[in-house]
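The structure under discussion appears below in the form of structure tokens.
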Amino acid sequence: MSNQIIIGSPTESAAAVSPVEAGAFGSFASGVALTIMTRLLMLLGTVGASVIVARWLGPEGLGSLAVLNTTIVLASTIGSLGLTSSNTYFIAKDRRTVAAVWANTIVFALFGGTLVAMVVIALAKFKPGLFGGVSPDLIMIAAVSLPFQFLLSLGLYVLLSMDRIRQMNFLDAMAPALALFNAILVLLVFGSTLKILVSFNTAATVVLSAGMLWAVQRLLARQKDRRPFRPNGELFKGAIAYGLRFYIPLIAAILIFRFDLLIVNHFRGAAEAGVYAVASQFANLLTMLPGVIAMLLFPRVASYQDPRAEFAIQVTRHVSFVMLIMCGVVAVGSLLLPLIYGARFADATIQLLILLPGVCLIGIESVLVQHFTGTGLPIAIPVFWLITLAVSLGLNLALVPVFGARGAAVTSTLSYALIFVLVTIYFRMKTGHRFIDIFLLRRDELHELLAIFHRVIFSK
């Protein structure tokens with residue numbers, strides 16, 4: 001995976017700190033604002049589709065769909081071998097490589113994605129217990145989308161590294177928009193089944209991947225100084241080698257964020273997994289702000305190496321301030337979940353309240369750590385994630401069978417807090433900044449934020 005106006009002016013004033021603002025990249029604040037507005041529209045699609053599925057198919061149907069979506073996300077992330085990060089890193093450092101990187105990406109997505117899809121289908125056939133009560137037929141239909149999902153997700157990061165924020169946001173937003181359209185068409189209009197809905201969602205991924213091919217090809221056609229558009233074995237070897245450095249934290253993070261739902265589904269069934277899917281969905285939505293900022297910050301840090309991390313720290317201070325406010329608002333809004341989704345989702349409120357402290361911390365950490373991901377990723381960061389993953393899996397396996405989804409929520413909060421503490425202490429050791437300087441807004445920054453807020457609210 002947040003925001004915009006709050007980050008606006010302070011990051012604009014950071015141009016003196018980050019020369020990339022006036023060079024290869026456009027305005028950081030504008031990119032954040034545009035991406036956030038897009039993500040808010042995506043939120044409508046995501047929540048709207050989940051409400052329709054919950055109302056028409058119940059917790060069991062929503063739980064099964066959540067397991068399918070989680071399986072695809074896990075498979076595509078694990079199978080990508082860290083290329084999302086390494087491609088972004090290499091293109092940000094030398095944009096002339098984009099054509100060769102994209103040619104390598106297409107080949108990898110088609111062959112690697114197909115291989116991963118075959119593995120998922122085989123697991124569904126021979127180890128159906130891994131997916132609880134979800135039908136192997138549904139898993140097979142969803143798995144067909146994997147090569148196209150590879151192409152789509154890798155392509156988004158190519159657009160990001162080239163600072164094509166509008167194109168990236170448009171294609172990214174189409175996925176939840178089509179998911180909502182499919183839910184309305186399949187469930188409300190035709191009154192059909194979950195199997196048909198999953199088939200429509202797979203078809204939508206195929207269409208979006210074709211759109212990604214078109215968008216990147218247009219980008220390449222306009223670039224004058226670049227390498228030839230053909231697979232480059234040497235470049236691919238370097239990208240894989242570097243991507244594996246990102247692979248451990250990437251996989252650990254996705255397992256911590258997603259695997260708990262599968263564990264709940266395995267031990268407690270699809271109905272309880274459906275309730276937890278609602279709570280975790282809203283918790284993950286809170287990471288939208290830091291996720292967007294981290295995503296846009298990464299190529300800038302990679303392009304301009306700053307050992308003191310001044311730009312990253314300034315952004316982190318603003319994110320810390322906003323996350324506290326957002327989590328407080330969501331804590332109050334969590335009381336509305338049973339009214340929106342139905343009485344059977346009442347425990348989602350408790351689960352979300354348990355998740356909120358950890359979500360606040362992991363959101364801040366995701367921005368702060370970009371200093372390390374953009375400057376070569378020291379080995380300590382993957383080690384921290386391995387430690388956190390071990391703790392997360394251990395606690396989930398111990399707590400979920402006994403306490404169900406609430407146990408998963410407690411585990412998530414503790415895991416998020418652990419990685420936050422580890423990265424923060426390491427950051428202070430490497431940069432020498434005090435904790436108060438990293439996380440607490442300065443007086444002038446706070447006054448500037450309040451002035452921006454006043455202008456936005458009361459301007460005519």
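Key figures
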item	result
Pro59, sole failed condition from (1) surrounded by 22 or more Cβ atoms within 10 Å (Cβ to Cβ); (2) modelled with pLDDT of 85 or more; (3) more than 30 Å from Arg222 (Cα to Cα)	(2)
Hits in the range 337-349 (condition: at pLDDT 90 or above and either open to solvent by 70 Å² or more (accessible area, probe 1.4 Å) or of a type in the set (Asp, Glu) (or both))	Asp347
Subset of the range 193-214 [more than 28 Å from Trp102 (Cβ to Cβ) and either touching a Lys or Arg at 6+ places or on another chain (Cβ under 9 Å) or small (Gly, Ala, Ser) (or both)]	Ser199
Unique match (being at pLDDT 85 or above, open to solvent by 60 Å² or more (accessible area, probe 1.4 Å) and not in a helix (DSSP H, G or I)) among Phe229, Phe236	Phe229
Hits in the range 66-105 (condition: open to solvent by 20 Å² or more (accessible area, probe 1.4 Å), assigned to a helix (DSSP H, G or I) and more than 23 Å from Ile251 (Cβ to Cβ))	Lys93, Arg95, Arg96
Pairs with Cβ under 7 Å, 6+ apart, first in the range 139-159 and part of a helix (DSSP H, G or I), second at pLDDT 90 or above and aromatic (Phe, Trp, Tyr)	Val158/Trp102
Extreme residue, most open to solvent (accessible area, probe 1.4 Å), among residues of the range 350-373 that are part of a helix (DSSP H, G or I) and β-branched (Val, Ile, Thr)	Ile350
Among the residues listed as Val275, Val198, Val264, the single one being in contact with a Pro (Cβ under 9 Å, 6 or more places away or on another chain) and open to solvent by less than 30 Å² (accessible area, probe 1.4 Å)	Val275
Residue selected from the range 109-138 under the condition part of a loop (DSSP other than H, G, I, E, B) and open to solvent by less than 70 Å² (accessible area, probe 1.4 Å), by the criterion modelled with the lowest pLDDT	Gly132
Top-ranked residue of the range 144-169 - restricted to ones that are surrounded by fewer than 23 Cβ atoms within 10 Å (Cβ to Cβ) and under 29 Å from Trp56 (Cβ atoms), ranked as farthest from the chain's Cα centre (by Cα)	Val144
Test: residue in the range 190-210 that is in a helix (DSSP H, G or I), hydrophobic (A, V, I, L, M, F, W, C), out of contact with any helix residue (DSSP H, G or I) (no Cβ under 7 Å at 6 or more places or on another chain) and under 27 Å from Met37 (Cβ atoms)	yes
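So that you can scan it fast, the table gives a plain yes or no per residue for (1) aliphatic (A, V, I, L, M); (2) within 22 Å of the chain's Cα centre (by Cα):
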site: His266; (1), (2): no, no
site: Gly274; (1), (2): no, yes
site: Asn284; (1), (2): no, yes
site: Gly291; (1), (2): no, yes
site: Val301; (1), (2): yes, yes
site: Val315; (1), (2): yes, yes
site: Val322; (1), (2): yes, yes
site: Met326; (1), (2): yes, yes
site: Leu339; (1), (2): yes, no
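Rundown of residues vs (1) under 27 Å from Val101 (Cβ atoms); (2) among the small types (Gly, Ala, Ser), yes/no style:
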| position | (1), (2) |
| --- | --- |
| Lys125 | no, no |
| Asp137 | no, no |
| Ser145 | yes, yes |
| Leu152 | yes, no |
| Leu156 | yes, no |
| Leu160 | yes, no |
| Gly191 | no, yes |
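The values are calculated or read from the model by the stated rules, or taken from the named source; none is laboratory data. This one's a predicted model, so the numbers in the text were calculated from it and none came from an experiment. Don't worry about glycine lacking a Cβ; one is built from the backbone with ideal geometry, like all the others, and counts go over all protein chains shown. Surface accessibility is based on the protein's heavy atoms, side chains included, excluding ligands, DNA and RNA. Shrake-Rupley method; radii C 1.70, N 1.55, O 1.52, S 1.80 Å.
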